[in-house]
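Since the structure comes first, as structure tokens, the remarks are kept for the end.
The values are calculated or read from the model by the stated rules, or taken from the named source; none is laboratory data. Computed from a predicted structure; not experimentally measured. Note that each Cβ is placed from the backbone with ideal geometry, even for glycine, and that neighbours are counted across all protein chains shown. Just the protein is used for accessible areas: all its heavy atoms, side chains included, with ligands, DNA and RNA removed. Shrake-Rupley method; radii C 1.70, N 1.55, O 1.52, S 1.80 Å.
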Amino acid sequence: MSVAKSGRTRGRGLLVCIEGLDKSGKTTHSRLLVKDLNEMGYDAVYTREPSLGEVGRLIRKIILHGWRRAPPVLEAVLFAADRFDHVEKEIKPALEEGKIVVSDRYLYSSLAYQGASGLDLDWIMEINRFALPPDLAIYIDVPVEVLAKRMGEKRSVMEWPRIQSEVRKVYLKLVKKGFLVPVDGNRPVEEVSREILSLVLERLKGKGRLRV
Ligand code: TMP
């Protein structure tokens, strides 16, 4: 399996995605990262998947807020369609303007969640071939038992410990293959956010864009 390469321009920007299980702190950390980067003078923007576009809204309505899981192929195809929309309408234009785009979930969520439902990871990659490879993909790891305590009574179709532990197995496999950089999320928020920021600054340094 290889991450898709795009021949099209990705501008001068930097694409960072933050991955993890439900309630792992992805949203908190994505937002903190954007805030920290903005305070340092970088032009960073927060975005998320499912996106706020039409397909993203459809996903929330028929996939996530239903009573039971949809067939895995339907989930995979809809998330890929939403990603296409997200990449074309939000990610690429921001990268072309030189921004740092922080995406709360991206391609690896499809590999982990739909892969955990039994779909072939290469097939999922294939239908996501258009997705720009991120400059940095971070996985916030939190054990399922810890997350189960954070989940209230009102759970989405994905938020069951059995599903989450299968999803975690795929995420850890992606870490092992070198696609995701792991960060231990079972620590105080400030410690985790400091580590995430330093990973991003390291990547900016590699691109010659570090501000001092
Ligand atoms: P969130 O908005 O709380 O992150 O929830 C989005 C849910 O959608 C979460 O349970 C993971 C799931 N999801 C997939 O199954 N595949 C995907 O490709 C994406 C982006 C999300």
Going through Lys61/Lys169; Lys35/Lys173; Lys35/Lys207; Lys149/Lys177; Lys173/Lys205; Lys99/Lys205 one by one, the pairs whose alpha carbons sit over 25 Å apart turn out to be Lys61/Lys169; Lys35/Lys173; Lys149/Lys177; Lys173/Lys205
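Rank-order 193-201, 141-149 by packing density, defined as the average count of other C-beta atoms within 10 Å over each peptide's residues, highest first.
193-201, 141-149
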Show me the ranking of peptides 182-191, 125-134 by mean Cβ neighbours inside 10 Å, starting with the highest.
125-134, 182-191
Carbon plus sulfur, as percent of the 1.4 Å-probe accessible area of the chain, comes to 54 percent
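In debye to the nearest 20, how big a dipole does region 1-115 give about its Cα centre with +1 on each Lys and Arg Cβ and -1 on each Asp and Glu Cβ?
240 debye
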Residues whose built amide H sits under 5 Å from the amide H of Tyr139, excluding neighbours closer than 5 in sequence, are Glu19, Val181, Val183
With the charge dipole of region 14-205 built from beta-carbon charges (+1 for Lys and Arg, -1 for Asp and Glu) about the Cα centre, the Cα from Leu172, Pro134, Leu197 projecting farthest to the positive end belongs to Leu172
³J(HN,Hα), Karplus 6.51/-1.76/1.60, whole Hz, each residue of region 162-171, x for Gly, Pro
5, 5, 4, 6, 5, 4, 4, 4, 5, 4
With label points set 7 Å from each Cα along the Cα-to-Cβ direction at Ala148 and Val189, the distance between them in nm comes to 2.6 nm
1/(1 + (r/R0)^6) with r = Cβ-Cβ of Val181 and Lys89, R0 = 25 Å, i.e. FRET efficiency to nearest 0.05, evaluates to 0.40
Helix-derived [θ] at 222 nm for the chain: sum -39500 (n - 2.57) over DSSP H runs of at least 4, divide by residue count, nearest 500?
-12500 deg cm²/dmol
Cα gyration tensor shape for region 1-117, rounded if a/c is under 1.5, else prolate or oblate
prolate
What accessible area per residue comes out for region 27-91, rounded to a whole number of Å², with a 1.4 Å probe?
55 Å²
Per residue of region 141-151, what does 6.51 cos²θ - 1.76 cosθ + 1.60 with θ = phi - 60° give for ³J(HN,Hα)? Whole Hz please, x for Gly and Pro, Karplus curve as stated.
9, 9, x, 4, 4, 5, 5, 4, 5, 7, 8
Across region 21-32, in residue order, what do the Karplus-derived ³J(HN,Hα) couplings come to in whole Hz, using 6.51 cos²θ - 1.76 cosθ + 1.60 with θ = phi - 60° and x for Gly and Pro?
6, 4, 6, 7, x, 4, 5, 4, 6, 5, 5, 4
